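What follows is a single structure, written as structure tokens, with notes after it.
The values are calculated or read from the model by the stated rules, or taken from the named source; none is laboratory data. Worth saying up front: this structure is predicted, and the values here are computed from it rather than measured. For neighbour counting, all protein chains shown are included, and Cβ atoms are generated from backbone atoms with ideal geometry for every residue, glycine included.
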Amino acid sequence: MTPSDEHPRRTRLAPELASATAELSASGVSSPRVDAELLAAHVLDVPRGRLILIDAILEDEAARLREIVAKRAGRIPLQYLIGTAAFRHVDLAVGDGVFVPRPETELLAGWGIERTGPGATVVDLCSGSGAIAVSLADESKAGRVIAVERSPEALPWLRRNASGYSQIEVVEGDVTDPDLLSDLQGRVDVLLCNPPYVPEGTPVPPEVSDHDPAEAVFGGADGLSVIRPVVALAAVLLASGGWVGIEHDDVHGTAVPALLREDGRFTEVTAHDDLTGRPRYATARRA
């Protein structure tokens, strides 16, 4: 055994993190230090909070960190690189072909959880990775959680994330189909939907334009092409007194509540802001 075998070369972590932060900042990443630390924690296979206890890392670990930081600097989503996305109390598997769940959607999920009683039937439309469905199954006493997704690329991720929850039923289907889930008409207690809602032509970050599936982001010229049929479908599926919550773009703060009111089958229509004060989702109750 050579001396180098006995004492493998190491490098200090702090300068590596500083260099990674600078590289990510220069590339336009909005949270460079946080991303650098999360990538380092992933490479070292430790919780982010333990990085403060680590003074030095092996040279091969430093090399892997520099490689993955370069990919993030190329604006590959952080969650794709580490393989998971944190959402409320769960970590979801994500990767190519599935929309990365955003923190603002946690508010809609939380609203739905608060209205889900024991044994309730819940529907999650445009389920994607299953973020809302899994949170409902994880945090509520729902009897059934039906997660609907049409994308053949997203469905494997949804099935993977839902696999640990017996309450979740994955359905391949199009939410614009008025006959979707016809066997549940008038029987659903809570219906939630985070649809594609960004108006076509809206500038979006490279992580979105280059990696998120376009069909999970853009909702037609005005961003409402999926929301309109979802409102009509919710009115058919919900039981009397059932609740609907629909996430929307921040330019839809009046448009989506108006669609719910104009339908004529809903009461208690309410607009909700996200944590930054922007309009984010609308809710209503089936009359």
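Are any of the residues in the stretch 69-77 closer than 27 Å to ASP138 by Cα and either of a type outside the set (Ser, Thr, Tyr) or not assigned by TED's automatic domain parsing to the domain that holds VAL204 (or both)? I'd like the intermediate steps shown before the answer.
Applying the first criterion (closer than 27 Å to ASP138 by Cα) to the stretch 69-77 yields 77.
If we keep only those that are either of a type outside the set (Ser, Thr, Tyr) or not assigned by TED's automatic domain parsing to the domain that holds VAL204 (or both) as well, we get 77.
Yes, the stretch 69-77 has at least one match.
May I ask you to list the residues in the stretch 101-112 that are surrounded by 19 or more Cβ atoms within 10 Å (Cβ to Cβ) and part of a helix (DSSP H, G or I)? Answer for the stretch 101-112, where residues must be surrounded by 19 or more Cβ atoms within 10 Å (Cβ to Cβ) and part of a helix (DSSP H, G or I): THR105, GLU106, LEU108, ALA109, GLY112.
Taken together, the residues in the stretch 134-156 that are outside any loop (DSSP other than H, G, I, E, B) and under 18 Å from LEU233 (Cα atoms) amount to 5. How many of the residues making up the stretch 149-168 are crowded, with 24+ Cβ neighbours inside 10 Å and farther than 17 Å from GLY95 by Cα? Of the residues in that region, 1 qualify.
Looking only at residues in the stretch 116-141 that are without any contact (Cβ under 8 Å) to a residue 40 or more places away in the chain and more than 15 Å from the chain's Cα centre (by Cα), the one that is nearest to PHE99 (Cα to Cα) is ALA137. Can you find a residue in the stretch 211-224 that is touching a residue at least 24 places away in the same chain (Cβ under 8 Å), surrounded by 14 or more Cβ atoms within 10 Å (Cβ to Cβ) and touching a Leu at 6+ places or on another chain (Cβ under 8 Å)? Yes, there is a match, as at least one residue in the stretch 211-224 is touching a residue at least 24 places away in the same chain (Cβ under 8 Å), surrounded by 14 or more Cβ atoms within 10 Å (Cβ to Cβ) and touching a Leu at 6+ places or on another chain (Cβ under 8 Å). The number of residues in the stretch 30-66 that are exposed (fewer than 13 other Cβ atoms within 10 Å of the Cβ) and not aliphatic (A, V, I, L, M) comes to 8.
Kindly establish whether VAL251 is within 30 Å of GLY28 (Cα to Cα), of a type in the set (A, V, I, L, M, F, W, C), surrounded by fewer than 22 Cβ atoms within 10 Å (Cβ to Cβ) and in contact with a strand residue (DSSP E or B) (Cβ under 7 Å, 6 or more places away or on another chain). So VAL251 fails the test. Scanning the stretch 113-136 for residues that are touching a strand residue (DSSP E or B) at 6+ places or on another chain (Cβ under 9 Å), surrounded by fewer than 24 Cβ atoms within 10 Å (Cβ to Cβ) and either at positive phi or not β-branched (Val, Ile, Thr) (or both) yields a count of 4.
Among the criteria (1) closer than 23 Å to TRP157 by Cα; (2) hydrophobic (A, V, I, L, M, F, W, C); (3) not assigned by TED's automatic domain parsing to the domain that holds PRO196, the one ALA41 does not fulfil is (1). Checking each residue in the stretch 175-208 for being more than 16 Å from the chain's Cα centre (by Cα) and either on the phi > 0 side of the Ramachandran plot or assigned to a helix (DSSP H, G or I) (or both) picks out LEU181, SER182, ASP183, LEU184, GLY186, GLY201, PRO206.
Scanning the stretch 76-118 for residues that are at pLDDT 95 or above and basic (Lys, Arg), we see that the one that is nearest to LEU158 (Cα to Cα) is ARG88. Using the structure shown, decide if ARG228 is modelled with pLDDT of 95 or more, surrounded by fewer than 22 Cβ atoms within 10 Å (Cβ to Cβ) and within 30 Å of ASP96 (Cβ to Cβ). For ARG228, the condition - modelled with pLDDT of 95 or more, surrounded by fewer than 22 Cβ atoms within 10 Å (Cβ to Cβ) and within 30 Å of ASP96 (Cβ to Cβ) - is met. Restricting attention to the stretch 61-110, the residues that are farther than 12 Å from HIS42 by Cβ and touching a His at 6+ places or on another chain (Cβ under 9 Å) add up to 7. No other residue among PRO101, PRO8, PRO15, PRO47 is closer than 22 Å to VAL208 by Cα and out of contact with any Cys (no Cβ under 9 Å at 6 or more places or on another chain) apart from PRO101.
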